[in-house]
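Visitor: Just passing along the structure, written as structure tokens.
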Amino acid sequence: MELLLALTVGVLYAAGVYLLLRRSLVKLVIGLVLLGHAANLLIMAAGRVSAGVPPIIPAGATALTPPHADPLPQALVLTAIVIGFGVQAFALVLLKRAYQVAGTDDLDALHTTDT
Amino acid sequence: MLLVLPILVPFFCAATSLLAWRSLTAQRLCGVAGAVGLLASGVALFAAVQRAGILVVQVGNWPAPFGITLVADVLSAVMVLLTGVIAVAVAVFALGSLDGRRERFGYHALVQVLLMGVCGAFLTGDLFNLYVWFEVMLIASFALLALGGERAQLEGAVKYVTLNLVSSAVFLAAAGITYGVTGTLNFADLAHRLAAAPHPGVGLTLAMLLLVAFGIKAAIFPLFFWLPASYHTPPVAVTTLFSGLLTKVGVYALIRVFTLVVPLTAVTQPLLLTVAGLTMVTGVLGAIAQHEMRRLLAFHVVSQIGYLLMGLGLASPLGLAGAVYFMVHVTLAKSALFLVSGIVQRLRGSFELDRLGGLWRDHPYVSLLFLVPALALAGIPPLSGFWAKLLLLQAGLAAAHWWVTATALAVSLLTLFSMTKIWAAAFWAAAPPGVPGAALTRRQWLLLGGPAAGLGLLTVLMGVAADPAIGLAQRAAAQLLDPSAYVAAVLGRP
């Protein structure tokens, strides 16, 4: 399972970076979304993957017995997903406005503010 | 309570100005009140830290490594105070310079959200919480940058948003790996955990990830290209706020993690110093090549970041003290210069050096407002920049890092050259024919000139009262270099 997750994360990073390097505005925003997903999955993988061992103290016991899942990475990922959603929604609107105002989706044509 | 105020005051004012969406007067009032309130809470926090040492709040009473911790040591308190000063200056300047359309679309609320994010980033003691504050700050800055919807603004915003989102993704990955390796995200708890981590390479990996993530936000070489492409596009009030605060948050985060979480090693120290030198050089060379006031100043922001990085890279008490003193100095001086560029634009209708001129004859006071921070930035004694550079050069010589010290000296000379370029073209040269000469009302002079004069005065004060200011910077540096007091204050045990 961890190997599968690691491979997925790697593929997502590669695809995200590749799309960021393309000239199209649409591919740019898809690349950003993929990078965000890659980071989220990376947190999940780094926080140990375990199945079927919820961190709940059984009735009668006073402490957790060791193999148990860590709930914190999931809380982190949940926060990151919500933040990422907001930011990516803004990026989509911004790119749409930029496309409407500039009349092109070619990033190489958006160079008037460069020096 | 004092620790939460710099976050709560802007939050409250942002919410109020959103509720008062229809009333421009109420929103303006909220904007100014929020800035003044932030300055007041910054002063109170600063006084409390001076009196009682490191302040700590465990949010929700969750004990230290488990909950979110807010910490204020000397560096954090100074940065929050500085944020308050810049916020007030920009709030007043915005009243006199901003067009009503931008204000009606939520300018004041966005500025307050930005201030909240900046103060949160300065005060948090938790790596993931820092990520959250960064995002709060970023989303507000995205909207502020694009607010107005001019073509140049949108083009600049595309680059700014893209690179900052990449930086956030890298930061998030670093936070996830940190938790996976150490099982904690609390700065104080991390201080001794990462050194004892089972895989020695992990520390270096994290250091590089964090360097890239914060380096993009701080605009270090070679990750700074978004800054000169975007900072000159929004109105001057927004540019001043960004150049004063946003890159400094990146540098603050670098200082925090490279003193506390991943201390400098034989690999990272030379790397930081090399990057520092290259940042100084590329920034100032870019500035010299420009013919537009705001673009020139934007490149200077990059150049000055190099000096801050040099102080961090030297990792000596004197070097870090120099970095802290320099950070305050450059924030004040650079903000004053940006505000003056706004006044010049008001008077002459342009930022292009070719189309300016004759300002010394027509407006000697405006020229003075430019001259003082410009000389301070170039490092002319007895202004603040002189002491800042003196500290860094002394630290560089003491640590025998000759190359970066020589670079800092040479770049200082080039800084003076580029400042004289603006001075000669815009102020001293005769005005080219057909230059419009707008007149400002008394109210506009007060609202536009007042903040610039106040910030200029502060750079003079920092230079004249250099001894207490440097003493303060040295106390901040001592706390950074010996984190035991920080760790003890947060975790409640030595």
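Visitor: Calculated from DSSP H runs of 4 or more alone, at -39500 (n - 2.57) each and per residue, what is the 222 nm mean residue ellipticity of chain B, nearest 500?
Guide: Values: 22 runs with 366 residues, N = 494.
Computed ellipticity for chain B at 222 nm equals -24500 deg cm²/dmol.
Visitor: Round to the nearest 0.05 the FRET efficiency obtained for A:Tyr18 and B:Glu150 when R0 = 45 Å and r is the Cβ-Cβ distance.
Guide: Calculated value: 0.90.
Visitor: How large is Rg/Rh for region B:217-273, to two decimals, with Cα atoms and a Kirkwood Rh? Mind dumping the intermediate values first?
Guide: On the way: Rg = 13.9 Å, Rh = 12.8 Å.
Expressed as Rg/Rh, it is 1.09.
Visitor: Also, quick follow-up: Can you give me the distance in nm between label points at B:Gln50 and B:Lys421, each placed 7 Å from the Cα along the Cα-to-Cβ direction?
Guide: A separation of 4.0 nm, rounded to one decimal place.
Visitor: Which values of log₁₀ I(q)/I(0), to two decimal places, follow from the Debye formula for chain A at q = 0.12, 0.15, 0.23 Å⁻¹ with a uniform point scatterer at every Cα?
Guide: -0.59, -0.78, -1.22
Visitor: Pairs of Cα atoms under 8 Å, at least six residues apart: use those to get the relative contact order of chain A, whole percent.
Guide: On the way: 97 pairs, mean separation 31.7, N = 115.
Relative CO of chain A lands at 28 percent.
Visitor: Counting every Cα pair in chain B, what percent are over 46 Å apart?
Guide: Cα-Cα pairs in chain B separated by more than 46 Å: 7 percent.
Visitor: Mean separation of Cα pairs under 8 Å and 6+ residues apart, divided by the residue count of region B:268-481: what relative contact order is that in percent? Could the numbers behind the result be given before it?
Guide: Working: 345 pairs, mean separation 64.3, N = 214.
Computed over region B:268-481, the figure is 30 percent.
Visitor: Average partner chain C-beta neighbours within 10 Å, per residue of B:141-153?
Guide: On the way: counts 0, 4, 2, 0, 1, 5, 0, 0, 5, 1, 8, 4, 4.
Mean inter-chain Cβ contacts per residue within 10 Å come to 3.
Visitor: Report the dimensions of region B:68-131 along its three principal axes from the alpha-carbon atoms, largest first, rounded to Å.
Guide: So the extents along the principal axes, rounded to whole Å, are 40, 22, 10.
Visitor: For region B:82-123, state which chymotrypsin sites (Phe, Trp or Tyr not before Pro) are in a DSSP loop and have at most 15 other beta carbons lying within 10 Å of their beta carbon. Walk me through the numbers before you get to the answer.
Guide: Values: sites: B:Phe93, B:Phe105, B:Tyr107, B:Phe122; in loops: B:Phe105.
Qualifying residues, ordered by number: B:Phe105.
Visitor: What is the angle, in °, between the Cα long axis of helix B:247-256 and the longest principal axis of the Cα atoms in chain B? Nearest 10 is fine, range 0 to 90.
Guide: The angle comes out near 20 degrees.
Visitor: At a Cα cut-off below 20 Å, give the lysines reachable from B:Lys334, other chains included and same-chain residues fewer than 8 away excluded.
Guide: Leaving aside lysines fewer than 8 places away in the same chain, those within reach of B:Lys334 are B:Lys217, B:Lys248, B:Lys389, B:Lys421.
Visitor: Can you compute the radius of gyration and Dmax for the protein assembly as shown, using only the Cα atoms, both in Å?
Guide: Reported Rg and Dmax, both Å: 23.9, 91.
Visitor: With no solvent and one equal point scatterer per Cα, compute the Debye intensity ratio I(q)/I(0) for region B:268-481 at 0.10 Å⁻¹ and report its log10, rounded to two decimals.
Guide: Summing over Cα pairs of region B:268-481 leads to -0.44.
Visitor: Also, quick follow-up: What is the Cα centroid distance between region B:11-66 and region B:402-427, reported in whole angstrom?
Guide: 38 Å
Visitor: Assuming R0 = 41 Å, can you tell me the calculated FRET efficiency for the pair B:Asp362 and A:Gln100, based on Cβ-Cβ distance, to the nearest 0.05? Present the calculation step by step, with values, prior to reporting the outcome.
Guide: On the way: r = 41 Å, r/R0 = 1.01.
Step by step, r from the Cβ atoms, then E = 0.50.
Computed from the coordinates by the stated procedures, all read-outs in this text should not be read as laboratory data. Keep in mind it's a predicted model, so treat the numbers as computed, not measured. Please note: Cβ atoms are built from the backbone with ideal geometry, for glycine as well, and neighbour counts cover all protein chains shown.
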